[in-house]
1. Going residue by residue through the range 247-255, is there one that turns out to be within 12 Å of the ligand (Cβ to nearest atom) and in contact with a Gly (Cβ under 7 Å, 6 or more places away or on another chain)?
2. Which members of the range 248-258 meet the condition of being in a loop (DSSP other than H, G, I, E, B) and either touching a residue at least 24 places away in the same chain (Cβ under 8 Å) or buried (at least 17 other Cβ atoms within 10 Å of the Cβ) (or both)?
3. From the list Glu84, Glu130, pick out the single residue that is more than 18 Å from the chain's Cα centre (by Cα), outside any strand (DSSP E or B) and within 23 Å of His16 (Cα to Cα).
4. What are the pairs, 6+ residues apart or on separate chains, where a residue within the range 373-401 that is in the same structural domain as Met429 (by TED's automatic domain parsing) and farther than 18 Å from Arg29 by Cα has its Cβ under 8 Å from a residue that is within 10 Å of the ligand (Cβ to nearest atom) and not in a helix (DSSP H, G or I)?
5. Determine whether the range 294-304 contains at least one residue that is within 14 Å of the ligand (Cβ to nearest atom), touching a Pro at 6+ places or on another chain (Cβ under 8 Å) and of a type in the set (Asp, Glu).
6. Within the range 87-117, track down each residue that is in a strand (DSSP E or B) and surrounded by fewer than 24 Cβ atoms within 10 Å (Cβ to Cβ).
7. Does at least one position in the range 143-152 carry a residue that is outside the structural domain of Gly410 (by TED's automatic domain parsing), crowded, with 17+ Cβ neighbours inside 10 Å, under 22 Å from the mean Cα position of the chain (by Cα) and assigned to a helix (DSSP H, G or I)?
Amino acid sequence: MKHIIDQRRIHPLNDHPIGDGPILYWMSRDQRAHDNWALLHAQTLASEKNQELIVVFCLVPHFLEATIRQYGFMLKGLEEVEQELEKHNIRFHLLQGDPSKEILAYAHKIKAGAIVTDFDPLHIKKKWRESVAHSCECALYEVDTHNIVPCRIASPKQEFGAYTLRPKIHKVLHEYLTDIPSLKKQTLEVSHKKTHWKDVYDSLHVDMSVPEVQWCISGEKAAHRVLKQFIHERLHAYNTDRNDPTKDGQSDLSPYLHFGQISAQRVALEIKKHGHGHIHMQAFLEELIVRKELSDNFCHYNPHYDSVVGFPAWAQKTLKEHEKDAREYTYTRTVFEHAHTHDPLWNAAQLQMVHTGKMHGYMRMYWAKKILEWTKNPEEALQIALYLNDKYELDGRDPNGYVGVAWSIGGVHDRAWFDRDIFGKIRYMSYNGCKSKFDVAGYIKKYNPKEE
Ligand SMILES: Cc1cc2nc3c(=O)[nH]c(=O)nc-3n(C[C@H](O)[C@H](O)[C@H](O)COP(=O)(O)OP(=O)(O)OC[C@H]3O[C@@H](n4cnc5c(N)ncnc54)[C@H](O)[C@@H]3O)c2cc1C
């Protein structure tokens, strides 16, 4: 049978041969039925072997700082995945517990011939995959269906910055930015057992204090609606409006991309179709492809992506030299969390994140840099920023988040600037700088009206 997937996307995680049992797609990062190379590969293997394709997702009781806001969003998306798979006569099975045990037990129970899973550079996901690869009795393949150019192919090492990854990606982009085949309806006879989603929801023991948001509807269909709306209403001004926190200039696709409810490859194809090569299209594709894939590169190749030790040497040195500098303000995590700093702009950004689950991209930089300025040391700043980002952002717990914070606090993918107090040579941002760029009062009024 002709391969429908570029074989370079596939990475074997053990050397077991493919057996005769059902083929399991262990869905994890990429929670969608369509435009999913890992699922398509599993389907190809199943049809080659004339075996059933089964999709399984393992829900963990806790994941980093995720709360009901993110769990609720994810479960709604998975419910839609189940419905969509049923339309294609593909069984979906929800497991609960530790994936390194549950996936293994399930694969053993159904005597799986092979397992296919998706790529994710975060430590915890790597550990699950390594554990299953080591203990399972069948072949385990990882398919990078999150990046357009697979992370392992784009570069074999940690890149210095966008300027070193960009040419590597652009050189091969045309080989990967191809159309994606449709998922086929499975022809075998299959008995579907529906998941009781309400029971799953009721069984959750996650932090319930951060409410779900209403403005961002979960699921693959909603993701495509958001993309369509962005293309028709805002893409034409993206490059001018995206850095203004008082304007609705960004795409709002990050929650969908984070949960894999939409494929970055599909987004890029649609944007190219409608963007006619203009500057706004180029700017958007730079973020979606180069910047996003640079984050996966950093987290995949740097085992210290969430620690100060992961910062470049020049940044660690300069921050150390300034560690004892006097701080005009120092705050605890609680003061930051409750948006009780002296700065109404910072508080507004924190409140935007707490209430909407998505802080504007420009404010994220200011927000993280001020945490560095107002804490005892960079270690504490990093910890607080990651804690808040992962707890409140819908798109948190993502390589983009670890890199965004490390860029702001630790100079990752940036260059050395002029030496100054506390920051050393890390790029600085100020309240007055923001004032010269956008309507600071308008932003504060919108998200922090009490301090206006
Ligand atoms: C301190 C800090 C924390 C951040 N935390 C996160 C996070 O937790 N999750 C997250 O997805 N992004 C994070 N970012 C990156 C960026 O701010 C968001 O991706 C973007 O604001 C999401 O909104 P959007 O989808 O509307 O963006 P758009 O401007 O419409 O961009 C489209 C897509 O391009 C990608 N992209 C855009 N900007 C960046 C960037 N700077 N780096 C990498 N990829 C980018 C994202 O996938 C985004 O969804 C962070 C940045 C900083 C400085």
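1. yes
2. Passing the criteria: Gly249, Gln250, Ser251, Asp252, Leu253.
3. Of Glu84, Glu130, the one residue that is more than 18 Å from the chain's Cα centre (by Cα), outside any strand (DSSP E or B) and within 23 Å of His16 (Cα to Cα) is Glu130.
4. What qualifies is Asn389/Gly396.
5. Yes, the range 294-304 contains at least one residue that is within 14 Å of the ligand (Cβ to nearest atom), touching a Pro at 6+ places or on another chain (Cβ under 8 Å) and of a type in the set (Asp, Glu).
6. Within the range 87-117, Arg91, Phe92, His93, Leu94, Leu95, Gln96 meet the criteria.
7. yes
Per-residue answers, yes or no, for (1) away from the ligand (no atom under 16 Å from the Cβ); (2) surrounded by fewer than 23 Cβ atoms within 10 Å (Cβ to Cβ); (3) more than 17 Å from the chain's Cα centre (by Cα):
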site: Arg291; (1), (2), (3): no, yes, no
site: Tyr329; (1), (2), (3): yes, yes, yes
site: Pro344; (1), (2), (3): yes, yes, yes
site: Gln350; (1), (2), (3): no, no, yes
site: Trp367; (1), (2), (3): no, no, yes
site: Gln383; (1), (2), (3): no, yes, yes
site: Asp390; (1), (2), (3): no, yes, no
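The values are calculated or read from the model by the stated rules, or taken from the named source; none is laboratory data. No experiment lies behind these values; they were computed from the predicted model shown. Methodologically, a virtual Cβ is constructed for each residue, glycine included, from the backbone with ideal geometry; neighbour enumeration extends over all protein chains shown.
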